[in-house]
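Structure first, then comments.
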Amino acid sequence: MTTLIRACRREPTPFTPIWLMRQAGRYQPEYRKLRERYGFVEMCKNSDVATEVTLLPVTQLGVDAAILFADILLILEPLGIGFHFSKDDGPRIDHPLRTTADVNAVASTIDAEESLGYVLETIKKTRSGLPKNVPLIGFSGAPYTLASYVIEGGGSRDYMHTKAMMFGDPGAWNALMEKLTGAVAAYLNAQIKAGAQAVQVFDSWIGSVGPSDYARFVQPHMTRLFQLLDRSVPVIHFGTGNPALYPLMRAAGGDVIGLDFRCDLASTWDALGEVAIMGNLDPYSLLAPRAELQARAKRVLDAAGGRPGHIFNLGHGLFPDASVDQVRALVDYVHEASAR
Ligand code: CP3
């Protein structure tokens, strides 16, 4: 078993494995070069290019896992929800969903092999290009995060329309969440079947809800999602923005809980109990001088205290202004400082 998978299973490892959310992206000159030739979605759909981009950080950084190069919004196409990436404001949904009729028009199931076959191709090609000791992580957006995009029409500060549906029309809300949950489960299971050795559920915008609304409007769907998933591989459940949600997320499911940087890793882990933990360095630590970056990484390692089941990661994704040198220095430091 690889170091990352051992850590997901809370088995002792010779060092703390590390990978980084958004480890493939615009901070890499090689990525920017490819991006001059292809649109972003075009890159995701071209399994040769997507494989090349997935493999890039493994050789460049020496990370302990690859993460599939794709995007959480790709699943919207087979659901019948049109979107595009605009140059300045990120993802845009062509016709945001606001009513019961809008929700009814969303497909009830997806055939991942047929409609997202290019992602499955990327998984197969990446697996054959990866060294044996580096597993491939597949992923999907979580139902809430996907729902927030399709209802708001893009990113949001306040999630006003999402909450208007959740609080004002729970029937439409639950119908949408059920459809998204079924589709996410089918998509992740297809990724696992194609060769993904772990999968991560990104609930990136879940921090916009409070704990009692999570329990009422989100948790039942997340519980169902984890029940539907093929559990032959570890599942990472990642959420950001509201540390009060972690106990509820843990109760919903996942072998690993991914923490953002807003919580204290040591006390959060104590409170969550017997589960593996991923995290949680503030990504902007990479902008600090090298010694300060290392001191901040050490604090995360110290908070984990060598407990089996820690996977080092940033508390959220790498950003375009990060320097490759500094990112590589972080990976090297975590390997050296955690060697047991
Ligand atoms: O982590 C990786 O290296 C794998 C690739 C990956 C991407 N998106 C590539 C990407 C993953 C795992 C994602 C997930 C994703 N996509 C999330 C959840 C993760 C998180 O950050 O919380 C979200 C919210 C999205 C939606 C999304 N995709 C947004 C909001 C944007 C625009 C913002 C931005 O960074 O440009 C994207 C575009 C995107 N996804 C890029 C990449 C490399 C940049 C595209 C480009 O080259 O212009």
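Consider GLY309 carefully, then state whether it is more than 16 Å from the ligand (Cβ to nearest atom), open to solvent by less than 40 Å² (accessible area, probe 1.4 Å), closer than 26 Å to THR2 by Cβ and of a type outside the set (Val, Ile, Thr). Show your work before the answer.
Working: more than 16 Å from the ligand (Cβ to nearest atom): yes; open to solvent by less than 40 Å² (accessible area, probe 1.4 Å): yes; closer than 26 Å to THR2 by Cβ: yes; of a type outside the set (Val, Ile, Thr): yes.
Answer is yes for this residue.
Looking only at residues of the range 44-64 that are touching a Ser or Thr at 6+ places or on another chain (Cβ under 6 Å) and among the polar types (S, T, N, Q), we find that the one that is nearest to ARG328 (Cα to Cα) is THR54.
From the list LEU20, LEU61, LEU4, which residue is touching a residue at least 12 places away in the same chain (Cβ under 8 Å) and touching a Lys or Arg at 6+ places or on another chain (Cβ under 8 Å)?
Values: LEU20 fails: touching a Lys or Arg at 6+ places or on another chain (Cβ under 8 Å); LEU4 fails: touching a Lys or Arg at 6+ places or on another chain (Cβ under 8 Å).
Answer to the check: LEU61.
Cβ-Cβ distances below 7 Å connect the following pairs, each with a first residue in the range 288-305 that is without any contact (Cβ under 8 Å) to a residue 12 or more places away in the chain, a second residue that is in a helix (DSSP H, G or I), and a separation of six or more residues or different chains: ALA288/ARG296.
I'd like the full set of residues that are surrounded by fewer than 21 Cβ atoms within 10 Å (Cβ to Cβ) and aliphatic (A, V, I, L, M), limited to the range 63-72. Step through it out loud before you land on a result.
First, the residues of the range 63-72 that are surrounded by fewer than 21 Cβ atoms within 10 Å (Cβ to Cβ): 71-72.
The answer is ILE72, and nothing else.
ARG328 versus (1) open to solvent by less than 50 Å² (accessible area, probe 1.4 Å); (2) under 16 Å from ASP64 (Cα atoms); (3) within 16 Å of the ligand (Cβ to nearest atom): which is the lone unmet condition? Every listed condition holds for ARG328 apart from (1). Residues satisfying the criterion are present in the range 146-160 (criterion: assigned to a helix (DSSP H, G or I) and more than 16 Å from the ligand (Cβ to nearest atom)).
Scanning the range 27-77 for residues that are among the aromatic types (Phe, Trp, Tyr) and assigned to a helix (DSSP H, G or I) yields a total of 2. For the range 93-104, the count of residues that are farther than 17 Å from HIS161 by Cβ and open to solvent by 10 Å² or more (accessible area, probe 1.4 Å) is nonzero.
Restricted to strands (runs of 3 or more DSSP E) entirely inside the range 82-145, those with at least 1 residues that are at pLDDT below 95 and either within 11 Å of the ligand (Cβ to nearest atom) or within 22 Å of LEU20 (Cα to Cα) (or both) are 83-86, 90-93. Restricting attention to the range 49-62, does a residue exist that is more than 9 Å from the ligand (Cβ to nearest atom), buried (at least 17 other Cβ atoms within 10 Å of the Cβ) and charged (D, E, K, R)? Yes, because at least one residue in the range 49-62 is more than 9 Å from the ligand (Cβ to nearest atom), buried (at least 17 other Cβ atoms within 10 Å of the Cβ) and charged (D, E, K, R).
The values are calculated or read from the model by the stated rules, or taken from the named source; none is laboratory data. Everything numeric in this text was worked out from a predicted model, so none of it was measured. Quick reminder, even Gly has a Cβ in these numbers, built from the backbone with ideal geometry, and neighbours come from all protein chains shown. To get the accessible areas, we keep the full protein, side chains included, count just its heavy atoms, and leave off ligands, DNA and RNA. Shrake-Rupley method; radii C 1.70, N 1.55, O 1.52, S 1.80 Å.
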